[in-house]
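J.: Before anything else, here's the structure in question.
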Amino acid sequence: MPLTFDDLLHRAASLARPGHRALLGITGGPGAGKTTLAERLTRELNGDGEPWVAHVPMDGFHLADVELDRLGRRSRKGAPDTFDAAGYAALLERLRGDEDDVVVYAPGFERTLEQPVAGSIPVPPTARLVVTEGNYLLVDAGLWPRVRSRLDEVWFCELDERERLRRLVARHEEFGKGHDEAVAWVLGTDQRNADLVTATRRHADLVVPESAMPAVDAGA
């Protein structure tokens, strides 16, 4: 039987067990629908009751532009070495430990500013499942294996390549790039990153086909 979104809901819910806060990672290339899937899972599983699922994106661990300028990496923003992978892994470890009956605050990312925002995502003690998403969850180089070791499962979103590129260009245009600039970025920096991510597909616990995903928007 083809995989359905209801199957994904059931599998995600089954990760949480008494006495154990589970961490589910969702990966895939830029524009593949990671954010849309993570947000929909979180919303559907929480329903109208007390929130027991939290969404913590990797994007909050982008290095700030001022640091990228210092490092000479601003033109490659979004590449693996433009994130604080160690800081991201440390947050996941803290979330996984689940030792303190306190709210854990995670950084978010403001797309209009294209900058991380500290302490903007609260993860309450009631959260039994944390859904996190980002490009490099399965990368086996540098400090990224620390991230994978903190996650119970990692799912890979697979979207038709032409549709992925179309949505990615639209996202860049939405947040300020002209069409030609957006296309150049998508086919250059973004595509190099996408090729790296695609090579990690074989390490995923589950490949999520487009047919099982909710409608993908340009911000995914």
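The values are calculated or read from the model by the stated rules, or taken from the named source; none is laboratory data. It should be emphasised that the depicted structure is a prediction, and the values quoted were computed from it without experimental measurement. All Cβ positions, even for glycine, are placed from backbone atoms using ideal geometry, and neighbour counts span all protein chains on display.
J.: Is there any pair with a first residue in segment 64-82 that is more than 19 Å from Val117 (Cα to Cα) and free of Cβ contacts under 8 Å to residues at least 24 places away in the same chain and a second that is polar (S, T, N, Q) and not in a loop (DSSP other than H, G, I, E, B) whose Cβ atoms are under 7 Å apart and which are 6 or more apart or on different chains, and what are they?
T.: Matching pairs, first to second residue: Arg73/Thr82.
J.: Can you confirm whether segment 155-174 contains a residue that is under 18 Å from Thr35 (Cβ atoms), in contact with a His (Cβ under 7 Å, 6 or more places away or on another chain) and surrounded by 21 or more Cβ atoms within 10 Å (Cβ to Cβ)?
T.: So far as segment 155-174 goes, no, none of its residues is under 18 Å from Thr35 (Cβ atoms), in contact with a His (Cβ under 7 Å, 6 or more places away or on another chain) and surrounded by 21 or more Cβ atoms within 10 Å (Cβ to Cβ).
J.: Okay, next question. Could you please tell me which pairs satisfy a Cβ distance under 6 Å, a separation of 6+ or placement on different chains, a first residue in segment 16-41 that is assigned to a strand (DSSP E or B), and a second residue that is among the aromatic types (Phe, Trp, Tyr) and buried (at least 24 other Cβ atoms within 10 Å of the Cβ)?
T.: Hits for this filter: Ile26/Trp155; Thr27/Phe156.
Yes/no matrix, rows are residues, columns are (1) modelled with pLDDT of 95 or more; (2) in contact with an Asp or Glu (Cβ under 7 Å, 6 or more places away or on another chain); (3) among the β-branched types (Val, Ile, Thr):
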position: Ala13; (1), (2), (3): yes, no, no
position: Ala38; (1), (2), (3): yes, yes, no
position: Glu44; (1), (2), (3): yes, no, no
position: Gly47; (1), (2), (3): no, no, no
position: Pro57; (1), (2), (3): yes, yes, no
position: Arg73; (1), (2), (3): no, yes, no
position: Glu110; (1), (2), (3): no, no, no
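J.: Look through Arg21, Arg74 and report the one residue that is under 18 Å from Thr132 (Cβ atoms), touching a Leu at 6+ places or on another chain (Cβ under 8 Å) and basic (Lys, Arg).
T.: Details: Arg74 fails: under 18 Å from Thr132 (Cβ atoms).
Arg21 is the lone residue from the list that is under 18 Å from Thr132 (Cβ atoms), touching a Leu at 6+ places or on another chain (Cβ under 8 Å) and basic (Lys, Arg).
J.: Also, I was wondering about something else. Spot the failing condition for Ala118; the list is (1) aliphatic (A, V, I, L, M); (2) surrounded by 13 or more Cβ atoms within 10 Å (Cβ to Cβ); (3) in contact with a Pro (Cβ under 8 Å, 6 or more places away or on another chain), and only one is missed.
T.: (2)
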